[in-house]
Amino acid sequence: MDSNKYSEGINIVPVCTLPWRSMEVHSRGVVKVCCWSKVQVGDVRSNSLAEIWNGPEYQRFRRIMLEGDISQICNVACPWLADGGFVSIKKDRRSFSSDHQKNLEQLNFDIFERRIITKGLPTRLRIFPTDRCNLNCIMCWQNREPDIPLKPSREELHEYLPFLSSLVAIGGEPLLSREFCSFVFEFDPRVFPDCKISMITNGLLLTNPFISQMPDRFSWVGISVDGGNKATYEHVRRGGSWERLIQNLNALSQLPNRNFEISITFTIMQQNHQDIISIYNLAKQMKTRLWIEPVQGDANGIQSYKRSEIRSILDQIDYISALNENIIPPYQLQRVKEFYQVFKVGSPISRLFRMGIKSISGCTIVPKNRWLRR
């Protein structure tokens, strides 16, 4: 029997294929499969990406995913699992390059054959260029440690670009990393036509030269806002400038040759719950998508709602749902509504997950016992 082919268990195709497609490299070198995985699968400070990709921890992760006992490796709040699983085998769009297409076909074969050692290479890579940030948001857990050189290095990253479909930069604030900004300017979409960059940023450090480089290089940019007006925004996102934010949103949305998606992201907390309709109107004005989500965690004051405030959140969600304008995905509105329908006034937010509320996606996680910044 082929020792690489894992035959035990009952899953013909795993509930999630990200262990065969995805790699996430944190700023301090830790490697995980995705943001919802609970376990580390390597460290680029001691091993190369190639060594990690088919190393013992990745093999173990794939084996557990095939067996189906994913509670060992996956966060129960993962939205893909709550929805019944990440789309396992799908028909990918036709690649522009033969190398990219062959890699996709190899990965699909490895997944279908349930191989824990794959001959294919990752098509999705998330990197954290820095933990630093130019803001001091009241709910944020990020540290402010000095930068270390970009991991993976630009040289190692270059080896994977022909096979990547998605390179996502998050942080911290990615635009504080000179190495990442240099990488964007050097990236040639004609050489790597199948790879698109995405980024989550607060948007304040965007410049006209950087924005001009985004068409053809980027597929998506998420702008974290967390306030529907100047007062709320600058209270929650301490150090931010509402005027600068609006200026940069206008520059992005009015870019003549823009061929990438813009999404405003808004994290609901007690301090901004009244701004849901305002942020919706801002997204509509800027012709962007909108993603809203509740903060999760027990940080003091972040989720200390009154009953009237919960009612206000639900009323605003109902109002937006009735508009049916396709600015925010309906399923995402429904998830947020379900979250607050079971919210108990005065209860720690972590109780919701013990109650079985597992379908909130992409939420900001505030570690237990971390106090709200005053």
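The values are calculated or read from the model by the stated rules, or taken from the named source; none is laboratory data. Keep in mind that this is a model prediction, so the values were computed, not measured. All Cβ positions, glycine included, derive from the backbone under ideal geometry; neighbour counts span all protein chains shown. With ligands, DNA and RNA removed, areas are computed over all heavy atoms of the protein, side chains included. Shrake-Rupley method; radii C 1.70, N 1.55, O 1.52, S 1.80 Å.
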Query raised in the report: In square angstrom, rounded to the nearest 10, how much accessible surface does residue 155 have for a 1.4 Å probe?
Result: 130
Query raised in the report: Taking amide H positions as placed 1.01 Å from N in the peptide plane, with prolines and chain starts having none, which residues 5 or more places from residue 268, or on another chain, fall under 5 Å of its amide H?
Result: 293, 295
**Report entry** Estimated inter-spin distance, residue 30 and residue 242, nm [label 7 Å along Cα→Cβ]
**Finding:** 3.7
Report summary line: SASA check, residue 41, accessible area w/ 1.4 Å probe, all protein chains in place, rounded to nearest 10 Å², comes out at 10
Report task. Pop out the Kirkwood hydrodynamic radius of region 148-224 from its pairwise C-alpha distances, inverse of mean 1/r, in Å to one decimal. Result -> 12.8
Report task. Using Cα centres only, tell me the gap between region 14-57 and region 251-271 in whole Å. Result -> 29
Query - In sequence order, calculated HN-Hα J values of region 153-158 (Karplus, 6.51, -1.76, 1.60; Hz; x Gly/Pro) - result: 5, 4, 5, 5, 4, 4
Query - Rough spin-label spacing in nm, given labels placed 7 Å along Cα→Cβ, for residue 342 and residue 54 - result: 4.2
Report task. Would you give the gap between the C-alpha center of region 323-341 and the C-alpha center of region 178-237, rounded to a whole Å? Result -> 25
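Below 15 angstrom from the Cβ of residue 287, what's the summed charge of the other residues (Lys, Arg +1; Asp, Glu -1)? Provide the component values of the computation, followed by the final result.
Working: positive: 258, 284, 289; negative: 261, 325.
That works out to +1.
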Report task. Would you please give the FRET efficiency between residue 191 and residue 308, computed as 1/(1 + (r/R0)^6) with r the Cβ-Cβ distance and R0 = 56 Å, to the nearest 0.05? Result -> 0.50
**Report entry** D_trans [Stokes-Einstein, Kirkwood Rh over alpha-carbon pairs] for region 172-314, 37 °C, 0.692 mPa s, µm² s⁻¹
**Finding:** 201
